[in-house]
Amino acid sequence: MTVGQPRRKRGRPKGTGYFGRNPDVADFVELILFKHGWSAPRILDLLQVQFEHPPSIQQLRRFIRRLEDKKAAIYASSRDPDLYKSKYRLALGRADGGVDSAHQVWELDTTKADVMTTEGRVAILGLIDRYSRMARFIVADSESGLSVRQLLIDTIEAWGVLPDAVATDNGSGYVNKAVRSALKLLDIEQIICPPGSPEKKPFVERLFGTFMRSRASILPGFTGHSVADAQRLRSRAKKETGRAVIEASLTPQELQQTLSAWVDGTYHHSRHSVLRMTPLAKAGTSRSLPRRAPDAALLQIALTDLVGTRTVGKRGVEYRGGRYWHSELAAFLGRDVTVRRDERDLGELLIFDEDDRFVCRALDHERAGVSEQDFAEAARRHVADHRNREAARIREIGRTFSIDDAVSELRRREIERAENVRTLPTRTRAYDPAFAPPDAEELPPAPPEAEELLAARRPAPETPRPLTPAQKVRDADRIIAAAARGETVDQAELARARLYATGGEYRAEKMLTAHFGPSAASTDRKEAKL
């Protein structure tokens, strides 16, 4: 080779190899690799039935190797989305880019503990502040509405602040009536991340990973981060004990203690690689003050589950086969109340009035450990006391006002008005006999058959029966209930029904029905009429 001549490239010229001469085979191989990470022999089996002149196994392996090196990200996006997200997906922005103050957004998530406890494999619920990276954990049997609310309320109590929003996934433990009710009560926005999008709440995901790597792996009962880890640990256990079983020695309470100690004693005081300071120090740099936590009573209400609306009847408030009562409910007989319950205590319900004001904690005698006889006697005494107080109050009003005096005064004023009214004479015309109607004697008598036919066809006059109080109460309840369901009702009838429901006859009928039943109340009135 002379000086100045271009250096010849070694190897076959581009496009002259087997796959360059057979682009259809190359396209088919690339299609298989895009969908499946199969081995060369398996792909060659398909090529042999698809094409007349397939490549050799060596040619195919070299071609597959070149494609895997050149298009690894493209193949991962189809064959392994999780690998693509973690290794190839662009992450030029920051998940906390829109957060500029502490407790602006909390991320919540759940993972299965990589530590076997004496009560089995439990769930760990984690929470992290997106701005400062301050965190908390709780251990629970499973992810549920109760465990999610417990983590939220415990953190609010411990930190003394309310977040503006919480970011959660769309699992049933996070998206349910109880959690939505608690967040609405505390005025916290819920940001629901779409399924399969861990990048929407990356900080709590990394928090779990940090704990598993730094603490879980050294705890007794560690089961490994993957199937391969678990298999290796079981093999080691079999060699040491003769049984391929990972022995559990920690209780769930001890695991909770370990988690809390690691977070408060180590994690919050360790320099964060991204923040370049500790989470506690970062929280102190917040640009604005967070909202102060509400009082303990409101937090306890938020921790409870919303049951819904119930009517206080003669058996108190009925729920799941139980009968709940409190002395304060005597004033709510026949009225609707809002009911909440503590899922950890089935023996009591929290009762609220129509304006969401707390009324009482109603107990069920069987579930609260009170004898049925004592419970029933106390309830009857409460109702009697309330009835006596109302009657005494009304009698006191009677000392100030007199119905008889009011009726007498009404009659007197009507008589005075009648005496002062002078009726003008009616205009008439002169009598003319020519226009007078004929006498009845001059009219021809009607045939008797016609009289009988007219009498038979003529409807007998009906005398309207007055409605009983029970019928009035039923009509009023029916109209009010129809309006509450959104049905179209006559507004005048609705106004009369609501006015009647505020009267004494309505409340008296409700009390009689609640204590003696509809049949007993109607029988008493019938006997009184007789």
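The values are calculated or read from the model by the stated rules, or taken from the named source; none is laboratory data. Since this is a predicted model, take the numbers as computed values, not measurements. Every residue, glycine as well, gets a Cβ built from its backbone with ideal geometry; the counts of neighbours run over all protein chains shown.
Of note:
- Restricting the stretch 1-50 to residues that are among the hydrophobic types (A, V, I, L, M, F, W, C) and farther than 26 Å from Ser77 by Cβ, the residue that is modelled with the lowest pLDDT is Met1.
- Residue match in the stretch 267-281 (condition: under 30 Å from Arg341 (Cα atoms) and in contact with a His (Cβ under 7 Å, 6 or more places away or on another chain)): no
- Hits in the stretch 173-195 (condition: in a loop (DSSP other than H, G, I, E, B) and touching a residue at least 24 places away in the same chain (Cβ under 8 Å)): Gly173, Tyr174, Asn176, Asp187, Ile188, Cys193, Pro194, Pro195
- Among the residues of the stretch 211-245, the ones that are under 38 Å from the mean Cα position of the chain (by Cα), surrounded by fewer than 17 Cβ atoms within 10 Å (Cβ to Cβ) and either of a type in the set (Ser, Thr, Tyr) or modelled with pLDDT under 65 (or both) come to 6 in all.
- Residue within the stretch 141-149 that is free of Cβ contacts under 8 Å to residues at least 40 places away in the same chain, in a helix (DSSP H, G or I) and in contact with a Leu (Cβ under 7 Å, 6 or more places away or on another chain) present: yes
- Counting only residues that are modelled with pLDDT under 65, surrounded by 16 or more Cβ atoms within 10 Å (Cβ to Cβ) and of a type in the set (Phe, Trp, Tyr), the stretch 481-528 holds 0 of them.
- Any chance Phe208 is at pLDDT 85 or above, closer than 30 Å to Leu83 by Cβ and surrounded by 15 or more Cβ atoms within 10 Å (Cβ to Cβ): yes
- Sole exception among (1) among the polar types (S, T, N, Q); (2) farther than 28 Å from Arg180 by Cβ; (3) modelled with pLDDT under 85 for Gln253, by number: (3)
- Single match in Ala302, Ala297, Ala293 (criterion: out of contact with any His (no Cβ under 9 Å at 6 or more places or on another chain) and modelled with pLDDT under 85): Ala297
- Looking across the stretch 269-317, the residues that are within 29 Å of Ala481 (Cα to Cα) and part of a loop (DSSP other than H, G, I, E, B) come down to Thr304, Val312, Lys314, Arg315.
- The set of residues from the stretch 104-137 being on the phi > 0 side of the Ramachandran plot and surrounded by 22 or more Cβ atoms within 10 Å (Cβ to Cβ) comprises just one member, Arg133.
- Subset tally (residues that are within 17 Å of Arg21 (Cα to Cα) and outside any helix (DSSP H, G or I)) for the stretch 46-84: 6
- Within the stretch 106-116, the residues that satisfy the criterion of being touching a Gly at 6+ places or on another chain (Cβ under 9 Å) and within 18 Å of Arg149 (Cβ to Cβ) are Glu107, Leu108, Asp109, Thr110.
- Within the stretch 178-194, tally of residues that are within 30 Å of Arg344 (Cβ to Cβ) and either of a type outside the set (A, V, I, L, M, F, W, C) or exposed (fewer than 14 other Cβ atoms within 10 Å of the Cβ) (or both): 7
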